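Structure first, then comments.
Bear in mind these aren't lab numbers, they're just calculated from the coordinates by the rules spelled out. Note that the structure is predicted; figures quoted are calculated from it, not measured. Note that each Cβ is placed from the backbone with ideal geometry, even for glycine, and that neighbours are counted across all protein chains shown.
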Amino acid sequence: MALRFHFTAFSLILLLFPLLLHAKTLKRDMKALNEIKASLGWRVVYAWVGDDPCGDGDLPPWSGVTCSTQGDYRVVTELEVYAVSIVGPFPTAVTNLLDLTRLDLHNNKLTGPIPPQIGRLKRLRILNLRWNKLQDVIPPEIGELKSLTHLYLSFNSFKGEIPKELANLPALRYLYLQENRLIGRIPPELGTLQNLRHLDVGNNHLVGTIRELIRIEGCFPALRNLYLNNNYLTGGIPAQLANLTNLEILYLSYNKMSGIVPLAISHIPRLTYLYLDHNQFSGRIPDAFYKHSFLKDMYIEGNAFKPGVKPIGIHKVLELTDTEFLV
């Protein structure tokens, strides 16, 4: 009897397999990708053969396009076309791919703004647009992407302020905004993101103080890496920063900060890298930092510390790769 049931189930799979194999690609997605193909003339189009991006008969799916079967149709769920020197404006037709979970166009030459229609991609989890030539403001509509976990907008030419609407992304874990032309203060609302592990706003034109950034009680509960380097931040390091007990990297280099380094910071249990260089800090560094069991690197050059204050470890620029976070 068990053998008969096994045979029946296997036969059913064989019957259904052709239906899955020959499911039609949703016309909306076919139209969107063919618009992109026609308008941008991407170098990748040599591998984009046929009209169906999910493959048609003997033709394979288009390079960088991942499709999934939903009911009787196939839909495009991932678009990864990076480092192929795409030139031109951000392709608005991408925002018609409503089932996208991953959009990766990094390391190209895309220009112009991100269209506000980006907010339509409600299922998007990873948005990687870094290393392009994108301009204008970061659209607040990105705050409508409730499933987003990874947001990479670094190494572009974005201007204006960081939209506080990014605090509306409950699943966000990694936020990369470094190397742009952003101004104003970092929204303290970002501190309400319960899952945010990595925040990098370095190399912009940001102002304000750390005290303003962490003013919300219980802020940044999961934050491990905080990059604020190469901006115009002022004020001191508040002792309350020690409430961010998961911090491992604190990068404050090249700002206009001043005051003493509070003893409380040495109580952050897993603090591993502390960059204070090229500010206006003064006084002495408490001995507890030199006895910290995790602290590998403390860089202090270019301040007004009293004689005898010494660094810890050897300074190095911390660059984290895609493979460490794109999971």
(message) So, in segment 249-271, how many residues would count as being surrounded by fewer than 19 Cβ atoms within 10 Å (Cβ to Cβ) and within 27 Å of the chain's Cα centre (by Cα)?
(response) 3
(message) Anything in segment 55-89 that is assigned to a loop (DSSP other than H, G, I, E, B), farther than 19 Å from ASN128 by Cβ and either of a type in the set (A, V, I, L, M, F, W, C) or touching a Gly at 6+ places or on another chain (Cβ under 8 Å) (or both)? List them, or say none.
(response) PRO61
(request) Identify all residues within segment 186-209 that are charged (D, E, K, R) and either over 19 Å from the mean Cα position of the chain (by Cα) or assigned to a loop (DSSP other than H, G, I, E, B) (or both); write none if there are none. (result) ARG197
(request) Select the strands (runs of 3 or more DSSP E) contained entirely in segment 210-325, then report the ones holding at least 3 residues which are over 27 Å from LYS159 (Cβ atoms) and in contact with a strand residue (DSSP E or B) (Cβ under 8 Å, 6 or more places away or on another chain). (result) 280-283, 297-299
(request) Within segment 238-288, work out how many residues are of a type in the set (Asp, Glu) and closer than 18 Å to ARG224 by Cβ. (result) 1
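Evaluate segment 167-187: report whether one residue or more is of a type in the set (Phe, Trp, Tyr) and within 14 Å of PRO139 (Cβ to Cβ).
If we filter segment 167-187 for residues that are of a type in the set (Phe, Trp, Tyr), which is where we start, we get 174, 176.
Remaining after also requiring within 14 Å of PRO139 (Cβ to Cβ): none.
Checked against the condition, which is being of a type in the set (Phe, Trp, Tyr) and within 14 Å of PRO139 (Cβ to Cβ), segment 167-187 yields no hits at all.
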(message) Give me the residue from segment 288-301 that is more than 24 Å from ASN255 (Cα to Cα) and more than 29 Å from the chain's Cα centre (by Cα) and, out of that set, surrounded by the most Cβ atoms within 10 Å (Cβ to Cβ).
(response) HIS292
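Here is a yes/no grid of residues against (1) more than 15 Å from ASP200 (Cα to Cα); (2) in contact with a Ser or Thr (Cβ under 8 Å, 6 or more places away or on another chain):
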{"residue": "ALA93", "(1), (2)": "yes, yes"}
{"residue": "ARG102", "(1), (2)": "yes, yes"}
{"residue": "LEU127", "(1), (2)": "yes, no"}
{"residue": "VAL137", "(1), (2)": "yes, no"}
{"residue": "GLU141", "(1), (2)": "yes, no"}
{"residue": "HIS150", "(1), (2)": "no, no"}
{"residue": "LEU169", "(1), (2)": "yes, no"}
{"residue": "LEU172", "(1), (2)": "no, yes"}
{"residue": "GLN178", "(1), (2)": "no, yes"}
(message) Which pairs turn up if I take residues in segment 62-91 that are on the phi > 0 side of the Ramachandran plot and look for partners that are surrounded by fewer than 18 Cβ atoms within 10 Å (Cβ to Cβ) and assigned to a strand (DSSP E or B) with beta carbon separation below 7 Å, at least 6 apart in sequence or on another chain?
(response) GLY64/GLU80; SER85/LYS109; GLY88/THR111
(message) Being within 22 Å of the chain's Cα centre (by Cα), under 19 Å from PRO269 (Cβ atoms) and surrounded by 21 or more Cβ atoms within 10 Å (Cβ to Cβ) is the filter here; which residues of segment 215-243 pass it?
(response) PHE220, LEU223, LEU226
